[in-house]
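A quick write-up on the structure given underneath.
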Amino acid sequence: MNAYQAEAVILRTWPVQEADQIVSLFTRPHGRIRGVAKAAAKSRRRFGGALEPMTWVSASYVEKPKQDLVRLDSCEVLSSPLSDPVDYLRAAALAFYAEVLEEALPDHDPNEPAFRLLLAVLHHSRTSHIWMPVSYFALWITRLLGWMPSVTDCAVCGEAFGREPAWFHAEEDGLVCGRHKRPGSRMLSAESLLLARRIFQSPIAALTEESWPAHRSADLRRFAVQALERHLERRLRSAAALAKLGG
């Protein structure tokens, strides 16, 4: 039996029995794990509002041999998404982060870069400029998972895109130039290609002062979501909700 105290972000909860909850959390040292929070619905002292999705917590849990679920004893809130107003757009963004990580992260596989990325986008998802952190997260998590193709060269001929747009197709990985696009392909503008390169070269704080209306990098987000959904082999409901809101 091993006891741990670790930073974590709550991804999802499920009620079981009368007051217990199953909790999926992304921990800093152990990656994504699931645990049982006994009497979580009744114990404000041990959990309070700490089990809301996307809450950054210090979690105490016990891992027992040959058991898939840890025993989650308590969580101390380090930062809560509920400390700021949550409108429908911000809620959809938070749900997007949670769903991608819940579906994409392997069990018990530490991923420090992904954890730092999540904390960064959560910090910058407190304002009304939600499309910037959503775009940053969509691109970076796709890269960290190893699913992001080159945003500089055609996947077929290797020619640099330069100032020309690129094209992507729902049934193929990668970006191609205009000469190699398939019927039914979608365009990724030259401006969005340049923005993707900036995102991969810049900390998120460097982008906060820029204007980010919903239409900016919408094609880039579609491309990243398509890559995620192809590898996950399922649709992301939160991405569909964001698309309906203009993103």
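What follows is calculated from the coordinates using simple rules that are stated; it is not laboratory data. Note that the structure is predicted; figures quoted are calculated from it, not measured. Note that we place each Cβ from the backbone using ideal geometry, even for glycine, and neighbour counts take in every protein chain shown.
What the table shows:
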read-out	value
Exclusive hit being buried (at least 16 other Cβ atoms within 10 Å of the Cβ) and acidic (D, E), set E63, E18, E76	E63
Residue in the range 143-185 that is farthest from L195 (Cα to Cα), counting only those that are assigned to a strand (DSSP E or B) and touching a Leu at 6+ places or on another chain (Cβ under 6 Å)	F168
Close pairs from the range 80-109: first free of Cβ contacts under 8 Å to residues at least 12 places away in the same chain, partner part of a helix (DSSP H, G or I) and surrounded by 14 or more Cβ atoms within 10 Å (Cβ to Cβ), Cβ under 9 Å, at least 6 apart	V86/L94; A91/P81; A91/A241
Residue list for the range 204-247, filter: in a loop (DSSP other than H, G, I, E, B) and of a type in the set (K, R)	R216, R234, R235
